[in-house]
Amino acid sequence: MLVTTPMSDPSFLFTCLFTVTLVLGLLTKVWLSSRQIRHVACNREAVPSAFSATISLQAHHKAADYTVAKARLGLLEMCLGAALLMAWTLLGGLSALNQFLVHLLGYGMVQQLSLLVAFVLIGGLLDLPLSWYQTFVLEERFGFNKMTLKLWLLDMLKSALMGALIGLPIVALMLWLMAASGSLWWLWAWLFWMGFNLLLLVIYPTLIAPLFNKFEPLEDETLKARVTALMQRCGFHAKGLFVMDGSKRSAHANAYFTGFGAAKRVVFYDTLLSKLSAAEVDAVLAHELGHFKHKHIIKRIVSMFAMSLAGFALLGYLTQQVWFYTGLGVLPNLAGANDALALLLFMLAMPVLSFFIAPVMARFSRKHEFEADAYAVQQTSAHDLSTALLKLYEDNASTLTPDPLYVSFYYSHPGAAERLARMQGLRAAPA
């Protein structure tokens, strides 16, 4: 007679793997955040010598205090998130919600969609207190929040409606593909998912983003001529130059490209234009054009395609494995489809199991930022880009003294000192 021991039970092994990885990930996050808090606090009383001529001690204090406050809130979010994840999985929350809806609605598409909707709604409601605190307490304390409670609630309502109008049909089609496309359903689902993401890149600038912000054509003719000349020099074509009313929500400043193909737009936050000179705006835009010139956006899209293909293939395998469900504390449906359960469990488990590849992704992102900086210096000047970045660091209260290990693990952009040091070694383009 074959005897199954816990150590040979795949469900038990997967539970152990998930639990150990979750605990190690949480401990690593807490350790890194604690290092960041200590490092920033220890360097609070003196502006680094490289920035002493441009950054005031008061601004340095604000950046340090803001960074520490965000990190402490992040620690709370990490611990609550890990507890909630355990509640959904190994403590049986998702299984109980699924069984409740099965008894209420029976098996079928309605029950599966209801499970997904209920999960999102419960998660959203549980996130509300911290979201409110971050906006109306933390951001308010440091002078960044410009939102009213009415606007905050309106944004949530719009997001919920957009999620229902766009998300529900997509999820329904995904569940249908999982049930009707045979063993290769994951390939068809991946093709559909990638097509949807490409479509979203095209329609987002003109159909979705305007629901949340106003976008007006850039009216400053001098700046427009300067920016247009830069784009022509760099071989970049955009459908328009727009100013976004970012100031109605936050004092943070930014600029970005949006759209895809012929639908590309250049968007400046109104807060950015109010803080930077024309030459500095040019330099910031040249940095963004550097991403275009080095094909960073295409590379990221290709990487997303490859990683999502691997993810869908893995999901296709896991949906057929009973240990995947039971190992995460869920009793699979014996008389009905488990596709919605599989999607939710995969969404919950993968961030845990893939956490330790985050430094690799962050490193590639920082490499891209260095390349974009170098291109910007060639097209404009190191001085203009440096002063623009320093203004943005100061206005956004970004710390100049982050913990190096924290930077290596998390930062998608290089730290200020390293970034500006490299920039100073680059030759500015001739005037």
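As a test of understanding, state the convex hull volume per residue of region 1-156 from its alpha carbons, in Å³. If you can, show how the numbers build up before the last one.
Numbers: hull volume 27.7 nm³, N = 156.
Once divided by residue count, the hull of region 1-156 is 178 Å³.
Region 138-283 gives an Rg/Rh value of 1.08, both radii derived from C-alpha positions and Rh following Kirkwood.
Which number do you get for Rg(Cα) / (2.2 N^0.38 Å) in the chain?
Numbers: Rg = 24.3 Å, N = 431, 2.2 N^0.38 = 22.1 Å.
Here the answer is 1.10, to two decimals.
From the largest down, region 1-84 spans 79, 24, 16 angstrom on the principal axes of its Cα atoms. Ordering Leu128, Gly74, Leu201 by Cα displacement along the dipole of the chain toward the positive end leaves Leu201 in first place; charges were set at the Cβ atoms of Lys, Arg (+1) and Asp, Glu (-1). Remark: the chain carries a charge dipole of roughly 480 debye about the Cα centre, counting +1 on each Lys and Arg Cβ and -1 on each Asp and Glu Cβ. Fewest neighbouring Cβ atoms within 10 Å first, the residues Val377, Val284 line up as Val284, Val377.
Quote the relative contact order of region 362-431 in percent (integer), defining contacts as alpha-carbon pairs under 8 Å separated by 6+ residues. Let's see the in-between values first.
On the way: 57 pairs, mean separation 38.3, N = 70.
For region 362-431, the relative contact order is 55 percent.
Any chance you could check the Cα centroid distance between region 347-388 and region 74-123 for me, in angstrom? Here the answer is 35 Å between Cα centres.
So, with +1 on the Cβ of K and R and -1 on the Cβ of D and E, and no other charges, what is the size of the charge dipole of region 105-235 about its Cα centre, to the nearest 20 debye?
Details: 8 positive and 8 negative charges, 21 e Å.
Roughly 100 debye for region 105-235.
Can you say what percent of the DSSP beta bridges in the chain, counting only those with both residues inside, are antiparallel? Round to 5.
On the way: 8 of 12 bridges.
So the antiparallel bridges in the chain amount to around 65 percent.
Tell me, what does the Kirkwood hydrodynamic radius of region 174-239 come to in angstroms if you use every pair of distinct C-alpha atoms? Before the final figure, lay out each step's value.
Working: mean 1/r = 0.0641 Å⁻¹.
Kirkwood hydrodynamic radius for region 174-239: 15.6 Å.
Computed extension length for Met304-Val322: 3.6 nm, one decimal, from 0.36 nm per residue of separation with the Cα-Cα distance subtracted.
Tell me which chymotrypsin sites (Phe, Trp or Tyr not before Pro) from region 309-347 have a DSSP coil assignment and no more than 13 other beta carbons within 10 Å of their own. Nothing satisfies the criteria. Each of Lys299, Lys29 has some number of other Cβ atoms within 10 Å of its Cβ, and from fewest to most they run Lys299, Lys29.
The fraction of Cα-Cα pairs per 5 angstrom bin, counted from 0 for region 44-127, comes to 3, 12, 14, 13, 10, 8, 7, 7, 7, 6, 5, 4, 3, 1 percent, rounded to whole percents.
Where in region 269-311 does the label zone of Glu216 land, with the point 7 angstrom along Cα→C-beta and an amide N cut-off under 15 Å? Label zone hits: 269-274.
I want the local charge near Leu76. Using Cβ-Cβ distances under 15 Å, sum +1 for each Lys or Arg and -1 for each Asp or Glu among the other residues. Before the final figure, lay out each step's value.
On the way: positive: Lys29, Lys70, Arg72; negative: Glu77, Asp127.
Cβ neighbours under 15 Å give a net charge of +1.
Dipole orientation for region 368-431: of the candidates Tyr393, Gln379, Ala416, Gln379 has the Cα lying most toward the positive pole (charges on Cβ; Lys, Arg +1; Asp, Glu -1). Please go through the residue pairs Lys29/Lys62; Lys62/Lys299; Lys146/Lys239; Lys62/Lys214; Lys158/Lys275; Lys146/Lys293 and name each one whose alpha carbons sit more than 32 Å apart in this structure. Going by Cα-Cα distance, Lys62/Lys299; Lys146/Lys293 fall outside the 32 Å limit. Here Met178, Met194 are placed in order of increasing Cβ neighbour count within 10 Å, fewest first, which gives Met194, Met178. Positive end of the dipole of the chain, charges at C-beta (+1 Lys, Arg; -1 Asp, Glu), about the Cα centre: which of Thr28, Tyr317, Ala253 has its Cα farthest in that direction? Among Thr28, Tyr317, Ala253, the one farthest towards the positive end of the dipole of the chain is Ala253. The average projected area of region 132-210, computed from the convex hull of its Cα atoms over all directions, is 7.1 nm². Here, region 287-409 is characterised by an Rg to Rh ratio of 1.17, where Rg is the alpha-carbon radius of gyration and Rh the Kirkwood radius.
What are the chymotrypsin sites (Phe, Trp or Tyr not before Pro) within region 1-86 that DSSP puts in a loop, where the Cβ has at most 12 other Cβ atoms within 10 Å? Provide the component values of the computation, followed by the final result.
Working: sites: Phe12, Phe14, Phe18, Trp31, Phe51, Tyr66; in loops: none.
The qualifying sites: there are none.
Over the residues of the chain, the helix contribution to mean residue ellipticity at 222 nm works out to -21500 deg cm²/dmol, using -39500 (n - 2.57) for each DSSP H run of at least 4. Principal axis extents of the C-alpha atoms in region 339-431 (largest first, rounded to whole Å): 60, 25, 22.
Based on Cα contacts under 8 Å between residues 6+ apart, region 272-431 shows a relative contact order of 35 percent.
Taking one quarter of the surface of the C-alpha convex hull of region 73-115 gives a mean projected area of 3.5 nm².
Each reported figure results from applying straightforward, stated rules to the coordinates on display, with no laboratory input. Fair warning: this is a prediction, and the values are worked out from it, not measured in the lab. Neighbour counts are summed over all protein chains in view; Cβ atoms, including those assigned to glycine, are modelled from backbone coordinates with ideal geometry.
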